[in-house]
Amino acid sequence: RPESRAVYLNLRAEPYLATLLGGANSATDLRGHAPGRMRRLLDRRELQVSPLYSLSPGELAALGWLVESLSQQEALRACHGRVLPLDFDKFLADVADGMDRVLAHFGLPRDADYLAGIARSPVLRQYSKAPELAFPPDERNGILAESRRNNREEISKGMAWLEKLARLDDDVAAVLAGRAA
């Protein structure tokens, strides 16, 4: 509907790569989704990319981030202000401000007490895919730090892959820089 609104949650490239590469089944997941992601990447643009079989896990993770970030960029363009982009890390750093922005975007009432309380909500200390599991913000930070240590080389490969494509394509450069093209 023309009046519909949405929130598009995202991550910058580096934390996305660290998150994906830190997962227990990441290699299988990355290889399994790679053909569809590559098709989506090349569907509307001409880029010279290496064949899938030659891409490292970090480059495959970067492919996933890039395709989803380009999809977000397309949604933002098509919906002219009806989609609110929301960086997940910024949201976690200031939940009250993030929720204030979301409520304003949807035209909902914003109450200072509610916003202060939402930041203390137990939901923010649970794992989203298994709410019965505790997952406080500090634990997420620890997991990301461990992935960055363990996957430093692959994260670097993925970032280099993105930077190479950014030099060839303005849309890629825009999403990597965190701005709309």
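The values are calculated or read from the model by the stated rules, or taken from the named source; none is laboratory data. It should be emphasised that the depicted structure is a prediction, and the values quoted were computed from it without experimental measurement. Heads up, the Cβs are rebuilt from the backbone with ideal geometry, glycines too, and the neighbour counts pull from every protein chain shown. Heads up: the accessible areas ignore ligands, DNA and RNA and are worked out on the full protein's heavy atoms, side chains in. Shrake-Rupley method; radii C 1.70, N 1.55, O 1.52, S 1.80 Å.
Pairs of Cα atoms nearer than 8 Å and 6+ residues apart set the relative contact order; for the chain it is 33 percent. Average accessible surface for the chain: 60 Å² per residue, computed with a 1.4 Å probe over protein heavy atoms with every protein chain in place. Residues His80, His105, His33, ordered by accessible area of protein heavy atoms at a 1.4 angstrom probe radius and largest first, appear as His80, His33, His105. Note on the chain: GNM, Cα springs under 10 Å; of Asp89, Asp43, Asp170, the largest mean-square fluctuation is that of Asp43. Distance in nm between label sites at Asp43 and Ala160, each 7 Å beyond Cα in the beta-carbon direction? The two pseudo-label positions are separated by 3.0 nm. The distance between label points at Ala119 and His80 comes to 3.6 nm (points 7 Å beyond Cα on the Cα→Cβ vector). The simple Förster model, with R0 at 41 Å and r as the Cβ-Cβ distance, assigns Tyr8 and Ser54 a FRET efficiency of 0.85. Within the chain, what's the longest stretch lacking GluC sites (Glu not before Pro) that sit in DSSP loops with no more than 10 other Cβ atoms inside 10 Å? In the chain, the maximal stretch lacking such sites is 47-181.
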